[in-house]
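Structure record follows, encoded as structure tokens.
None of the figures in this text is laboratory data; all of them are computed from the coordinates on show. Since we're looking at a predicted model, the values are computed, not measured. Heads up, the Cβs are rebuilt from the backbone with ideal geometry, glycines too, and the neighbour counts pull from every protein chain shown.
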Amino acid sequence: MTITTSTAKNAQLEAIDESGWGARFRFFQPHNPAFWVYVIGVGAGAIGMIKYFGPALGGTYRLAVTSGIVFFGIYLIPWLLFLRRQNRYTAQPGGLLATGFIWGAVAATFWIALPANTALLEIWTKLLGPAGAETWGAGLAAPIDEEWSKGLGLILLIALAPRLVRSAYDGFIIGAFIGLGFQVSEDILYAYNNATASFGVGQLESSLFILALRGFAGITSHALFSAIFCAGVMWILGRAPGERRIGRGLLACLAAMFLHFAWDDASGLFGWSTFLTLFAPYLLLMPLAIVVLLVVRRLASSKERAWMRELLAPEVESGVVDQPLLDAVSGLHKDRRHFRKLVHDRRRARHLVESAGDLAQEIAASGGQETARVAHARAEVLRLRGA
Amino acid sequence: MSTGIPGWVPVEHRWFGLDRRMLRPALFVLVVALLLIYGWPALNAIVPWNNPTRAGDVLDLGAGATAVPPVGWQLEDGTLVSDRTGVSPTQESVKLAKGGATIQMTGASFNGTAAQFLDQVITSQDPQADISGSPATFTTTSGLVGVVRSASGTGGDELLAAFKMSLSTPATAPALLVNVSAVPGEFQQVSSEVETFLRSITPEAAA
């Protein structure tokens, strides 16, 4: 064994330890106070949800609520597939992401945001008058109550899985799942509210209208806001070595809150132009939100990409993984695109990147030890490379 | 490298069986959540309403429809014509409050007569509600014909009024629901103001 190999192995073990990759997530932790706060929050949220939807399910608005659940349940599928693809590098376990999703769907909405928004909107109505609150109230209440209520879910998940939630990219992915839960829950609530506004007439059409409206707007809604906000929280906390960036973190949190404010109060911000009031959310705010998201994702992933390179460095030295494959599996979209061109076969390139990811995951799960699963994953990479 | 059995809390970190190291984040979440849930309502309770209607105020009900609110009531929701913010007649909501009485107006999209709309409202809200009074016709000063029903109980008095906001094509026009509720003994105090208010409702055509 050469000195270089030993250095690479040490760096690999350090990357496994720092990232926490491979650690298991256990939800049931009765010794952990964060577990009980989570249970209280989700429990109280579930009671609030039953109180809100219960009478509707048993009465006039049953069709609106059930169609809302079915429509937005289907709407959820492409979102989950999309976010699964984003859960790369030192990927988070499904159980942890599901825990975040449930916090967003039940606790953040029905335990915190609903009563908090109701009170804060009334305060703004008292201070600004009904017309002022109609224009500005939503944007001055929701970014505070909702971004914080979702962000609290991330704090609980850190306490429930301190080894797993380390980098800004972890916050980014977990935030997206918490936000997605919040978004779908809110969409169902809107489907119900819209049906009550027409006193139960045309409930199915009403739910379809909300699906079309909020489904499209949902592209740059809670999942995006929370991904940015929670990445910011992780930069402020600095849980990975060298990742504490308080200024950047505050900026990310404020950017998420500003995007939320601008979306909610577009009629106030662009009130001087009918055209902009109608189209600025889609022509200006949506592209702006996507640009901010991409910048935050790129910055947030740098630590994870470094860990991935360190984790696979011994495999590069031994020739199992070559440099272009390492660049692709630990790189950005443009690196993977470059790799596809190099391989001249899109499918093969995808299989190679996925198999290298599998190898990294098995190495992390074994704590850097040689196991049968690591050997098998390595053999798979070699088989696909045709070595 | 971390070692140890997952879930095992070292004795020096235990507090009543809980992991003391996780108390800080758990308490932080609990305190911030409780502040949002109960802090805003507490602040809301001490901030008073100060938006009384004044002589000359006119409520904008959308598409040129208007109503004149009684003077001295708190306008808690709704838009005045002088606000010039634009109102949708099918989404407008108005709330006026005075003492134990409130007047709420809700615009909606509905195809049919005012009587059918009121039936739909009663069915959707509570089919078992004790709406004892039989439907009565109510005509506003502008000639708008609506339907009024009332209810009384131990919780107070309630009056529901429904209008279709057009003199020429009422069937397809937006609907307007006015819901007046008052604690026991309060309705008589405000009944003349409520009647004047209802008579002031004016659809677009007569505006």
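Couple of notes before you dig in:
- Evaluating 6.51 cos²θ - 1.76 cosθ + 1.60 at θ = phi - 60° for every residue in the stretch A:144-150, the Karplus couplings come out as 6, 5, 7, 5, 5, 5, 6 Hz, glycine and proline recorded as x.
- Residues with amide H under 5 Å from that of B:D19, placed H, sequence gap 5 or more: A:N32
- P(r) tail for chain A: Cα pairs beyond 40 Å make up 22% of the total.
- The stretch A:127-255: relative contact order in percent, alpha carbon pairs under 8 Å with at least 6 residues between: 29 percent
- Rule-of-thumb Rg ratio for chain B [Cα; 2.2 N^0.38 Å; N residues]: 1.52
- Chain A - percent relative contact order, Cα under 8 Å, separation 6 or more: 21 percent
- Relative contact order, percent, chain B [alpha-carbon distance under 8 Å, six or more residues apart]: 18 percent
- Springs join every pair of Cα atoms under 10 Å in this Gaussian network model of chain A, and among A:L180, A:L127, A:L259 the largest mean-square fluctuation is at A:L127.
- Average beta carbon contacts from partner chains per residue of A:114-120, 10 Å cutoff: 5
- For residues of B:75-87, the mean tally of beta carbons on other chains within 10 Å: 4
- Furthest towards positive pole of dipole, B:W8, B:F110, B:G78, structure part the stretch B:1-129, Cβ charges: B:W8
- Rg(Cα)/(2.2 N^0.38 Å) for the stretch A:33-127, N = residue count: 1.34
- Rough spin-label spacing in nm, given labels placed 7 Å along Cα→Cβ, for A:H338 and A:E205: 5.5 nm
- Burial order of peptide ranges A:305-315, A:19-29 (average beta-carbon count within 10 Å, highest first): A:305-315, A:19-29
- When only the Cβ of Lys, Arg, Asp and Glu is charged (+1, +1, -1, -1), the dipole of the stretch B:59-206 relative to its Cα centre reaches about 280 debye.
- Least to most buried among B:M105, A:M49 (fewest other Cβ within 10 Å first): A:M49, B:M105
- Fewest-first ranking of A:L285, B:L160, using other Cβ atoms within 10 Å as the exposure measure: A:L285, B:L160
- Secondary-structure-derived ellipticity at 222 nm for chain A, considering helices only, amounts to -26000 deg cm²/dmol, per-run term -39500 (n - 2.57) for DSSP H runs with n ≥ 4.
- 18 Å tail of the calculated P(r), the stretch A:318-385, as % of Cα pairs: 33 percent
- Karplus 3J(HN,Hα) series, Hz, for the stretch B:97-104 with 6.51 cos²θ - 1.76 cosθ + 1.60 (x for Gly, Pro): 9, 8, x, x, 10, 9, 10, 10
- As a rough footprinting exposure proxy, the listed residues A:W79, A:W272 were ranked by other beta carbons within 10 Å of their own, and the order from fewest upward is A:W272, A:W79.
- Protection proxy ranking, highest mean first, for peptides A:357-370, A:208-221, A:181-194: A:181-194, A:357-370, A:208-221, where packing is the per-residue count of other beta-carbon atoms within 10 Å, averaged.
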